[in-house]
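The values are calculated or read from the model by the stated rules, or taken from the named source; none is laboratory data. Just so you know, these numbers come straight off a predicted model, no measurement behind them. Cβ placement follows ideal geometry from the backbone for every residue including glycine, while neighbour counts extend to all protein chains displayed. Just so you know, the surface numbers come from the protein's heavy atoms only, side chains and all, with ligands and any DNA or RNA stripped out. Shrake-Rupley method; radii C 1.70, N 1.55, O 1.52, S 1.80 Å.
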Amino acid sequence: RPGLALCAGCGGRIQDPFLLRVSPDLEWHVACLKCAECGQPLDETCTCFLRDGKAYCKRDYSRLFGIKCAQCRAAFSSSDLVMRARDHVYHLECFRCAACGRQLLPGDQFCLRE
């Protein structure tokens, strides 16, 4: 559909022979599809994440919108082991007793207060 599509990045008509379609209704000039946070070009070689009509690289999307550890506030990587307690998620090494600081491991009993 070159010539008919409007670029979600710059708003101009896409006259190029190629366009990048990220979702059924969002299309970009190849040169316009960049991470909204860091400006990294997002092409067919990298993962692209959408939020509120803006495109993000994986690193920035995770940093801005991903679940963060309730203790250290850092984002999780796909290989991290986590502990869950009610609505909170922790890195395994961050899940510790508030009174003595001992690391709590899977199977340990604990109590949540406040």
Q | Residue pairs meeting the criteria (Cβ under 9 Å; at least 6 apart or on separate chains; first within 10 Å of C35 (Cα to Cα) and modelled with pLDDT of 85 or more, in the stretch 49-60; second of a type in the set (A, V, I, L, M) and open to solvent by 100 Å² or more (accessible area, probe 1.4 Å)) | A | none
(Q) Within the stretch 78-96, does at least one residue satisfy the condition of being among the polar types (S, T, N, Q) and either surrounded by 11 or more Cβ atoms within 10 Å (Cβ to Cβ) or touching a residue at least 12 places away in the same chain (Cβ under 8 Å) (or both)? (A) no
Q | Candidate set: the stretch 83-100, residues that are small (G, A, S) and under 20 Å from K68 (Cα atoms); chosen: the one farthest from the chain's Cα centre (by Cα) | A | A98
Q | Scan of the stretch 27-56 for residues that are touching a strand residue (DSSP E or B) at 6+ places or on another chain (Cβ under 7 Å) and either among the polar types (S, T, N, Q) or assigned to a strand (DSSP E or B) (or both), ordered by number | A | E27, W28, K34, Q40, P41, C48, F49, L50, A55, Y56
(Q) Being assigned to a loop (DSSP other than H, G, I, E, B), over 19 Å from the mean Cα position of the chain (by Cα) and modelled with pLDDT of 85 or more narrows it down to one residue among D80, D108, D16; which is it? (A) D108
Q) Tell me, which residue of the stretch 51-70 that is of a type in the set (G, A, S) and more than 9 Å from the chain's Cα centre (by Cα) is surrounded by the most Cβ atoms within 10 Å (Cβ to Cβ)? A) A55
Q.
For the stretch 41-73, give me the residue count where each residue is within 30 Å of E93 (Cβ to Cβ) and touching a Cys at 6+ places or on another chain (Cβ under 7 Å).
A. 7
Q. In the stretch 34-93, what count of residues is obtained for those that are under 27 Å from R113 (Cα atoms) and among the basic types (K, R)?
A. 4
